[in-house]
Amino acid sequence: MKSKLSILGLVLILSTSVFSGCGNGPEIARSAKQRVAAPAVAGSDLADLVNGNSAFAFDLYQVLREDEENDNLFYSPYSISLALAMTYAGARGETE
């Protein structure tokens, strides 16, 4: 009797997992706008961006180091810079 219940439970679990993958999934949202994956950027603008990012990273490290002098410090200045850039890009218009 126990083995029949075990087999029935196993069949139920397997059939549920198999049939849960069947059917149409949700429709993927896509934009009609063209995306520019590699925009043309002048070399001087790119150099300014790199220098600005480096200066931001060193300044941020200096500020964080002063707050936590005796502790280990681990952070990603690029991630913080990227998050701020996305916030700035999303704030265009009346909020800028």
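Name the residue, out of R35, R30, R65, that is more than 22 Å from the chain's Cα centre (by Cα) and basic (K, R).
Sole residue among the options that is more than 22 Å from the chain's Cα centre (by Cα) and basic (K, R): R65.
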Subject >> Residues of the stretch 63-85 satisfying the condition of being within 20 Å of L49 (Cα to Cα) and loosely packed, with under 10 Cβ neighbours inside 10 Å >> reply: S79
Original post:
Would you call A37 within 19 Å of A85 (Cβ to Cβ), out of contact with any helix residue (DSSP H, G or I) (no Cβ under 6 Å at 6 or more places or on another chain) and exposed (fewer than 10 other Cβ atoms within 10 Å of the Cβ)?
Top reply: yes
Original post:
Scanning for something over 27 Å from the mean Cα position of the chain (by Cα) and either small (G, A, S) or surrounded by fewer than 10 Cβ atoms within 10 Å (Cβ to Cβ) (or both), does the stretch 48-62 turn up at least one residue?
Top reply: no
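Rule-based calculations on the coordinates, nothing more; no lab input. Source: prediction; values computed, not measured. Using ideal geometry, Cβ is built from the backbone for each residue, glycine included, and neighbour counts are taken over all protein chains shown.
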